[in-house]
Amino acid sequence: MKLTALQQQSRRSNSFRGSSPLDSSMDGAIKSPSTLGAVTSTSTSLPAMNLTTAAASGTSSSRVVVGRHGILIRPWPHPNPAEVMMAHRLIERVQREQRMQYGVKNPRAVIAITPTYVRTFQTLHLTGVMHSLMNVPYDLVWIVVEAGAVTNETASLLAKSGLTTIHVEYGKKMPILWEDRHKLEAKMRLHALRLVREKKLDGIVIFADDSNMLSMELFDEIQNVNQFGAVSVGILAHSGGDGEDETAVVQKEEEKNSGLPVQGPACNSSNHLVGWQTFNSATFMERSARYVGDRAIVLPRKMEWAGFVLNSRLVWRDAEDKPDWVRDLDEVAADEEDVESPLSFVKDASVVEPLGSCGRKVMIWWLRVEARADSKFPAGWVINPPLDVTVPAKRTPWPDAPPELPLPAGEMAVVLQENAEKHATKTRSTRKRRSKRKHATRTIDERVSTRHAGEN
């Protein structure tokens, strides 16, 4: 047993001697004693002795030896902000090089079309879409068509994005009925497509409604489209009411449709387009919302514009190699008063290119949540003048708060005297309790000592 213990001790000493190359690479002792204490408290006894030896040597070091491993101590946060920004720029450069090497080759610009109008929830919806477009790693042009007229509220929001924007107006005001609103939004999108044709904007057109939610994977996926593509859209049917009937109907409909309220392309096992997955809204027709702000379920159209992307050259007049299956923009607008979806631009729906793993990935979510049409909100959500006090605070920190009512001198003195008497009474009572406890302890000690003396 003794021999085995001596062998183990000699092996341990040899292992520590073998760590001399690591010790020689040390720059010196630890810079701060607090760091030494932090590492010593979490290490075992042997590494703690090694740390003590390193600290006692008096040499400057930024490396700590714990057992057989070295720990490099670095100050945090980084003391030099210029080096931090340089590191961020290096990371950005590396990510750009990775996208060029492994990402989309020769990416095309993205042309986003958004119809909007001034309302209570415009800032909420438009800010969400704006932040999604700001994160797109490709060149982007944002065409915003505003119903009625161009307003300062919308222009101020677009100015914050820093994107290339085209802000135009549409002569008609947004109606209050949902059916009329859908029709007017379709005409506003057609107006934006005319701008694409007039300015000959080259890229991929997407229809980004201000209340929709867009996945960042969508912008990578649409780079794969050649002419006309379609993606799946998740339908979030919203009910403004709090009744249980609407919730029960929604649950039954989801169970009936296997829980997939989705619009998009449907493919076979060979990943070929064979049809369309639509949202069955027949069950909700009696309970659907008629006007904006109605406490009922807001239903989508049969096929939403947001689920389609197209090459901008399809709407040009004199585009080269324009396919024969594309209808002219003016022809579509003249023949159909209500263009429900971009499928009206194609003569044969079989030419549509399904995107997102042939429609299996949902990369857009459709949602319509609006406040009442007569709801009040500050212009641009800028509160000027300051808010009025509706619930007064118990203690206000402001110096202009009304002072407390002064009491007569006699009453103030009486109150102070009563407080002093109460404080004196409490002090005396606590002293009496302490003295009783000490007296009881002394009595017990005396009894114990007397008993031991009697036994002896």
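The values are calculated or read from the model by the stated rules, or taken from the named source; none is laboratory data. All values derive from a computational prediction rather than experimental measurement. Backbone-built Cβ (ideal geometry, glycine too); neighbour counts: all protein chains shown. In case anyone asks, the SASA skips ligands and DNA or RNA and just uses the protein heavy atoms, side chains included. Shrake-Rupley method; radii C 1.70, N 1.55, O 1.52, S 1.80 Å.
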Could you tell me whether Leu133 is open to solvent by less than 50 Å² (accessible area, probe 1.4 Å) and in contact (Cβ under 8 Å) with a residue 40 or more places away in the chain?
yes
Just for region 277-302: of the residues that are in a strand (DSSP E or B) and of a type outside the set (Ser, Thr, Tyr), which one is farthest from Pro175 (Cα to Cα)?
Gln277
Looking at (1) open to solvent by 20 Å² or more (accessible area, probe 1.4 Å); (2) more than 25 Å from the chain's Cα centre (by Cα), which one does Phe345 not meet, given that it meets all the others?
(1)
Can you confirm whether region 164-184 contains a residue that is touching a His at 6+ places or on another chain (Cβ under 8 Å) and part of a helix (DSSP H, G or I)?
no
Can you tell me which of Leu140, Leu195, Leu126, Leu184 is in contact with a Leu (Cβ under 8 Å, 6 or more places away or on another chain), modelled with pLDDT under 95 and of a type outside the set (Gly, Ala, Ser)?
Leu126
State the number of residues belonging to region 139-152 that are more than 16 Å from Leu195 (Cβ to Cβ) and either free of Cβ contacts under 8 Å to residues at least 12 places away in the same chain or crowded, with 17+ Cβ neighbours inside 10 Å (or both).
1
Can you tell me which residue within region 225-237, out of those that are surrounded by 13 or more Cβ atoms within 10 Å (Cβ to Cβ) and either over 21 Å from the mean Cα position of the chain (by Cα) or modelled with pLDDT of 95 or more (or both), is farthest from Arg313 (Cα to Cα)?
Ala237
When the residues of region 303-342 are narrowed to those that are under 25 Å from Val129 (Cβ atoms) and assigned to a loop (DSSP other than H, G, I, E, B), which ends up modelled with the lowest pLDDT?
Asp338
Looking for something closer than 27 Å to Gly234 by Cβ and open to solvent by 40 Å² or more (accessible area, probe 1.4 Å) - is there at least one such residue anywhere in region 300-323?
yes
Those residues of region 350-385 that are open to solvent by 20 Å² or more (accessible area, probe 1.4 Å) and closer than 13 Å to Gly264 by Cβ come to a total of 7
Residue within region 276-298 that is open to solvent by 50 Å² or more (accessible area, probe 1.4 Å) and of a type in the set (Val, Ile, Thr) present
yes
Selection within region 188-208 - touching a residue at least 60 places away in the same chain (Cβ under 8 Å) and open to solvent by 30 Å² or more (accessible area, probe 1.4 Å)
Arg194, Lys200, Leu201, Asp202
